[in-house]
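Participant: The structure that follows is given in the form of structure tokens.
The values are calculated or read from the model by the stated rules, or taken from the named source; none is laboratory data. These figures come from a predicted structure and were not determined experimentally. Virtual Cβ from ideal backbone geometry, glycine too; neighbours counted across all protein chains shown.
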């Protein structure tokens with residue numbers, strides 16, 4: 001009876017919380033230029049590069065076609081409280097990669113029937129998937145890039161205003177179709193300490209693959225200092241990667257004029273993107289030069305060449321004290337001759353050091369090679385809420401069982 005009573009009380013409190021507006025003032029806009037620039041800058045100053053108006057405007061013009069931006073500016077008595085940048089994601093089933101072919105051992109009569117009937121059914125089922133999700137954050141980056149609070153704002157209470165802003169966004173967009181899920185992406189456990197109010201509003205947490213982060217020591221002035229800090233086995237492996245790339249006739253350099261090489265960068269990016277199991281957002285060909293111009297001195301573009309031809313590249317972005325090993329692309333045939341991908345990862349370390357950063361954020365893919373560089377896993381969470389409160393009970397059970405990869409436990413340093 002006590003458990004039943006507690007459940008009823010919790011449901012009552014949740015219902016009351018969802019139906020009670022906050023006292024904050026909230027302005028919504030589909031374009032960042034429509035919001036008060038002074039108030040936005042004051043609220044977004046702690047949000048870094050990804051909440052700058054110049055970056056958001058660039059993304060509006062040159063971002064993926066599947067993403068539509070939307071913003072909220074939250075204030076209280078005219079004073080800035082929070083800046084919220086979100087994205088509508090139009091998701092279709094054809095952006096889920098088809099299953100890998102069956103192994104030779106499975107090539108039986110039964111497997112042939114599966115090949116004949118189940119795969120076409122799977123393709124047909126994927127083609128019917130149509131989803132529209134509201135993402136608080138940035139699908140092109142990793143990190144909490146969807147919300148910034150003005151200095152001296154109490155985040156515990158301000159997150160409630162963020163939740164109300166996201167609710168208003170969803171309700172305002174009903175003419176374009178229903179939105180089943182709201183997601184707040186890339187929250188760290190420390191940031192989630194401010195989330196009791198969101199739990200009360202029906203949000204549920206799911207852990208995702210960790211962000212791999214390499215701490216750049218203060219004494220490092222270049223890549224040789226990083227190498228010297230490695231244990232002998234890992235130092236030998238790192239040098240071997242560089243030697244193999246050089247011996248195969250490749251050279252590594254910084255690209256000075258991104259606009260001239262943009263078509264090639266896009267081609268290399270697409271060769272990597274095509275092999276991704278899920279492609280929620282694909283960059284456009286006009287993005288590369290626009291992004292480089294927007295980032296300016298905050299970005300390094302490192303390329304690998306064979307002769308005059310570019311066969312690989314990686315962008316490293318400075319966002320405050322953090323460097324991000326950002327977009328990457330390489331020629332897969334050329335990568336059979338030498339470890340181009342691993343050499344590009346090394347380039348992000350060099351560029352992170354040269355940019356004067358304290359840490360290098362490498363994202364959630366390829367956990368094994370990044371751990372060999374010395375990157376350690378930083379837990380990240382996805383917070384979800386279904387528009388039907390009753391279905392949040394199902395979400396609570398499902399999200400706790402979403403599988404995700406774990407980074408190896410490794411320390412390559414002395």
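Participant: Can you name the number of the only condition in (1) part of a strand (DSSP E or B); (2) touching a helix residue (DSSP H, G or I) at 6+ places or on another chain (Cβ under 8 Å) that residue 283 fails?
Facilitator: Looking at each condition in turn, residue 283 falls short on (1).
Participant: Kindly indicate whether residue 268 is within 24 Å of the chain's Cα centre (by Cα), touching a residue at least 40 places away in the same chain (Cβ under 8 Å) and not in a helix (DSSP H, G or I).
Facilitator: no
Each row is one residue, and each column tells you yes or no for (1) surrounded by fewer than 21 Cβ atoms within 10 Å (Cβ to Cβ); (2) at pLDDT 95 or above; (3) touching a helix residue (DSSP H, G or I) at 6+ places or on another chain (Cβ under 8 Å); (4) not in a loop (DSSP other than H, G, I, E, B).
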| site | (1), (2), (3), (4) |
| --- | --- |
| 311 | no, yes, yes, yes |
| 341 | yes, yes, yes, yes |
| 344 | no, yes, no, yes |
| 391 | yes, no, no, yes |
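Participant: Give 201, 166, 175 a once-over and let me know the one that is surrounded by fewer than 18 Cβ atoms within 10 Å (Cβ to Cβ) and either touching a helix residue (DSSP H, G or I) at 6+ places or on another chain (Cβ under 7 Å) or closer than 25 Å to residue 67 by Cβ (or both).
Facilitator: 175
Participant: Now for a separate question. Would you mind finding the one in 290, 218, 206, 262 that is within 30 Å of residue 65 (Cα to Cα) and either under 19 Å from the mean Cα position of the chain (by Cα) or not in a helix (DSSP H, G or I) (or both)?
Facilitator: When all the criteria are applied, what remains is 206.
Participant: Take the stretch 45-63 and flag every residue that is surrounded by 17 or more Cβ atoms within 10 Å (Cβ to Cβ), within 23 Å of residue 172 (Cα to Cα), in contact with a helix residue (DSSP H, G or I) (Cβ under 8 Å, 6 or more places away or on another chain) and in contact (Cβ under 8 Å) with a residue 40 or more places away in the chain.
Facilitator: Scanning the stretch 45-63 gives 51, 63.
Participant: Among the residues of the stretch 317-329, are any surrounded by fewer than 22 Cβ atoms within 10 Å (Cβ to Cβ), in contact (Cβ under 8 Å) with a residue 12 or more places away in the chain, closer than 22 Å to residue 246 by Cα and out of contact with any helix residue (DSSP H, G or I) (no Cβ under 7 Å at 6 or more places or on another chain)?
Facilitator: no
Participant: Looking at the stretch 244-259, which of the residues that are crowded, with 16+ Cβ neighbours inside 10 Å and in a helix (DSSP H, G or I) is farthest from the chain's Cα centre (by Cα)?
Facilitator: So the first thing to find is which residues in the stretch 244-259 are crowded, with 16+ Cβ neighbours inside 10 Å, and the list is 244-245, 250, 252, 255, 258.
Filter once more, keeping what is in a helix (DSSP H, G or I): 244-245, 258.
On the way: 244: 31, 245: 29, 258: 23 Å.
Among those that are crowded, with 16+ Cβ neighbours inside 10 Å and in a helix (DSSP H, G or I), it is 244.
Participant: Across the stretch 178-191, which residue is surrounded by the fewest Cβ atoms within 10 Å (Cβ to Cβ) among those that are out of contact with any strand residue (DSSP E or B) (no Cβ under 6 Å at 6 or more places or on another chain) and under 16 Å from residue 144 (Cα atoms)?
Facilitator: That would be 190.
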